[in-house]
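The values are calculated or read from the model by the stated rules, or taken from the named source; none is laboratory data. Just so it is clear, the model here is predicted, and its values are computed rather than measured. Here the Cβ is made from the backbone with ideal geometry for all residues, glycine too, and neighbour counts use every protein chain on show.
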Amino acid sequence: MGKRIMLVDDAKVVLLKLSRLLTAAGYEIVAVACNATDGIELYKQNLPDLVIMDISLPDMEGIEAVKEIIQFDPNARIIMCTYMAKKATVIEAVLAGARNYILKPFDGQKVIDVVSVVIDS
């Protein structure tokens, strides 16, 4: 069985693309959420090996959700995804506990590269 990944994004097309890409690479998608509140709850229920979370979610910022997950599990591995590669936002995400970030639109190989580095760290 592959490493277990949870996806959190409010764009269904992003969830579908990531799910297909990661499944094809041998990972198991164990949970999917469209908002931060559900993502936090699903993390606690599933304890995935990795979370890929949008930085901008409808109910709270992804960075706040990262803080809540890290408070629950300091060893959580989280990758943020964003359209905006603003240095300050990336630094804030890392300070909150994210391990890395990926940019939308996705380059499939870059996503797999970042995921494999973070999930095996």
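Observations, loosely collected:
- Restricting the range 3-48 to residues that are in a helix (DSSP H, G or I) and polar (S, T, N, Q), the residue that is farthest from residue 94 (Cα to Cα): 23
- Exclusive hit being among the polar types (S, T, N, Q), surrounded by 16 or more Cβ atoms within 10 Å (Cβ to Cβ) and in contact with a strand residue (DSSP E or B) (Cβ under 6 Å, 6 or more places away or on another chain), set 35, 100, 46: 100
- Among the candidates 109, 71, residue that is out of contact with any Pro (no Cβ under 7 Å at 6 or more places or on another chain), polar (S, T, N, Q) and within 20 Å of residue 24 (Cα to Cα): 109
- Residue that is modelled with pLDDT of 95 or more and more than 23 Å from residue 120 (Cα to Cα), where the choices are 22, 16: 16
- Taken over the range 15-56, the criterion of being more than 20 Å from residue 117 (Cα to Cα) and of a type in the set (Asp, Glu) is satisfied by 38, 41.
- Within the range 57-84, restricting attention to residues that are in contact with an Asp or Glu (Cβ under 8 Å, 6 or more places away or on another chain) and of a type outside the set (D, E, K, R), the residue that is modelled with the lowest pLDDT is 82.
- Counting only residues that are among the aliphatic types (A, V, I, L, M), in a helix (DSSP H, G or I) and surrounded by 17 or more Cβ atoms within 10 Å (Cβ to Cβ), the range 49-88 holds 4 of them.
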